[in-house]
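Structure first, commentary second.
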Amino acid sequence: MSFNPRNPRPLARSRFLLERFLLRGPQYRLLLIAAVIGLISVGAGALVLTFGGFVSFPDAVWWAFLRLTDPGYLGDDEGAFVRVVSTLLTLSGYVIFLGSLVAIMTQWLNATMARLESGMTPVSRQRHVVILGFTNRTVSMIRELLLSEERVRRFLSHQGARALHIVVLVEEVNAQLRQQLRDELGALWDEGRITLRSGSPLRVDHLARVDILRAAVVLIPGSDLSAPDEGTVALDTRTVKTLLTLDQAVRDRAGGEEDPDAGAGPLLVVEIHDSRKVALARRAYRGPAEFVASDAVLSRLMAQNFRHPGLSHVYGELLSQDDGNEIYLPGAEELAGVPVEHLVAAFPRGVVLGLVRPDGPRVRPLLNPPPGTLVEATDRVVVLARRWGDVQRSARAAPAPHPRGTGALPAGPDGPRRMLLLGWSPKVPALLRELAAYPKGGGEVDIFSRVDPARRRHMLERHGLGGLDAGAGVEPGERPAADSRPPGGLRVRHLEGDFTVHTELVRADPFGYDGIIVLGGDTHRSGGEADARTILGALLLQEMAAKREHPPGILVEILDPENRRLLNRGRAEVLVTPLLVSHVLAQVALRRELRAVFDELFMARGPEISFHRASELGLDGRISFGDVLRAAASRGQTALGVRPTGSLPLLNPDRTLRWMAGSLDVVLLGTPPDRSREASTGRTPTAKPRSSSGV
């Protein structure tokens, strides 16, 4: 007999129908068990109706049902046949009634608990903070938000919320993820303040699970960890798609209007890996948004650390809430009309960096402003202080004249400088662009990596930097020909090798350079795997540097904050780039105007933070920080702190502390000489005006 798919056998069809019935849910399984119990009760009642002396058939069925559901009735039966039937009913009750019922209810309960733990239930919140995605920045952002008590308190008061609540949307919530958060946050972990929800930011219905349209602010972090064939393009593509999804959700709430109110959606703080895509991302979401171009920020930090080793400690303190100083933006209504140089006396427990001034829909930062700049009532003063109480009105003094001159920072490193990049990452094009932007940037950069040089050149060409490539045929350790560097520009060579192998690292002659940067491996799925090679290479460098009297500065990029402690004892300077970016995102989320300040500090064409000898300011003998402030202001600069020889930088130190000028560096914020010359000759800077909406 042949099989006919249009007329399956009755048994197979019955099994198919039974399967579909049971898969509908626990309630249907219970219904099936109830039907089986009913059939058994009816059949057993019919068997004992004659021999059991029952008055009616319903009485016999009820007798069978009682024996099936409760074995305690077994001793009341009389007659051999009735007792046999009763025994069989009792055994069937254990298997069918009790066993099946417990199994179905347990399965139902487990499924319900698993569904609840998976984070599928929508939250009902308003004025909360939403983080879309779990990356190597998420935990740091949560920690930063929880530690920023004073800033969070002001943020909540402006939003009309009572308590900070953070909702994180991840691809899948599981016990491992929850335990990771508990372990990394430690005492900061609080079930009442942190909620996890499962879903994709690319789906509108999943965004509804975090009540995103009623959120006070939404953070969209990036990630340094990607597959080998992925890069910033793939990461930014996902971010832009998320922005389009959010924009669609805002339009749906507005009733399908094509152009809803620009302020209708929540405030977004978004990380973009490629600064060239900021304008594209801005068009994808028409609501209020701030964009952090992480490649530009991190390349600026690395380039500045190359020029002034030790700046990572300054940037870390400016951005972190753990300890030390941070940037505050108090109002300046009562200071309207006061010259900016008089503000030094008005904030005796802080350092005045400048002003933030509304400029239409934008916010314009005025850091290290020229003398005679008057404070307006709508301005906010940019102050470096230890706590909010140090900049409140109750802590302010009366403004007083403070002589301030004009001028540029003392000249930085002269002549071409040679840099060695160990490793490869998508940050390299932005770093090279930053180095090439310096007027004295006619230096040399050698990139030593396992990545195929042809692939590296292709990426540089995609970023419009193909003209920097020169001397490609020179072997590691060899000097290029004198004419191999483009006139007046940066020369880049691509060297192939593995810096974790001692013999190959020696072949690269790392100590023939002015500075070395070990890049974090961005082509790995986990920070631990990426940092393993980075740490190994850094340890090899430190071992080789210990045998030299004056080794060059070594800057190491780390992707996992837990690994920073592994290099703290060496000579290398460690830059935990995900930590810095997460600090920027969290602070901008709580105080939007800080975006403009960070743009000015971290982007090219703005004022620079640098180290200079106290003698360059005309100081000698035993001096205090008050003396440093006055000397810097008289030369048109702002002193942020000092760095005693052999110590870490001290920002905003006590005014009464004293040091010998000969053993002291000053942390200055000011205009580099080349930009000062541009201003004096009337040249227009090439940088676009900055705003609070992005780079």
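Please treat every number below as a calculation from the coordinates, not as lab data. This is a predicted model, so every value here is computed, not measured. Because the Cβ atoms are built from the backbone with ideal geometry, glycine has one as well, and the counts that use them run over all protein chains shown.
The calculated FRET efficiency for the pair Thr656 and Asp190, based on their C-beta separation and a Förster distance of 56 Å, comes to about 0.90. Taking only alpha carbon atoms, the stretch 594-661 gives an Rg to Rh ratio of 1.00, where Rh is the Kirkwood radius. The stretch between Trp108 and Phe81 holds 5.8 nm of extra length on full extension. This uses 0.36 nm per residue minus the Cα-Cα distance. Size of the stretch 493-633: Rg and Dmax of its alpha carbons, in Å, are 19.3, 54.
Packing here is the average count of other Cβ atoms within 10 Å per residue, and on that basis the peptides 391-398, 338-345, highest first, run 338-345, 391-398.
Taking a ≥ b ≥ c as the square roots of the eigenvalues of the alpha carbon gyration tensor, the stretch 163-215 is oblate, as a/c is not under 1.5 and a/b does not beat b/c.
If I take R0 = 22 Å and measure r between the Cβ atoms of Ala46 and Leu91 in this structure, what FRET efficiency does the formula 1/(1 + (r/R0)^6) give, to the nearest 0.05?
On the way: r = 19 Å, r/R0 = 0.86.
The calculated FRET efficiency here is 0.70.
For the stretch 129-287, the extents of the C-alpha atoms along the principal axes are 45, 45, 27 Å, listed from largest to smallest. In terms of the mean number of neighbouring beta-carbon atoms within 10 Å, the peptides 178-184, 296-302 order highest first as 296-302, 178-184. Spin-label model, His550/Asp252: points 7 Å from Cα along the beta carbon direction are separated by 6.5 nm.
Net charge near Pro401: determine it from the other residues with C-beta under 14 Å of the C-beta of Pro401, scoring Lys and Arg +1 and Asp and Glu -1. Mind showing how you got there, number by number?
On the way: positive: Arg404, Arg630; negative: Glu341.
So the environment of Pro401 carries a net charge of +1.
Counting beta carbons within 10 Å around each of Lys427, Lys277, Lys547, Lys241 and listing the fewest first gives the order Lys547, Lys241, Lys277, Lys427.
Taking the mean number of other Cβ atoms within 10 Å as a proxy for protection, how do you rank 612-622, 140-150 from highest to lowest? All intermediate terms of the calculation are to be shown ahead of the outcome.
Values: 612-622: 15.5, 140-150: 21.1.
Taking the mean over residues of other Cβ atoms within 10 Å, the ranking is 140-150, 612-622.
Computed over the stretch 265-359, the convex hull of the alpha-carbon atoms projects to a mean area of 9.2 nm².
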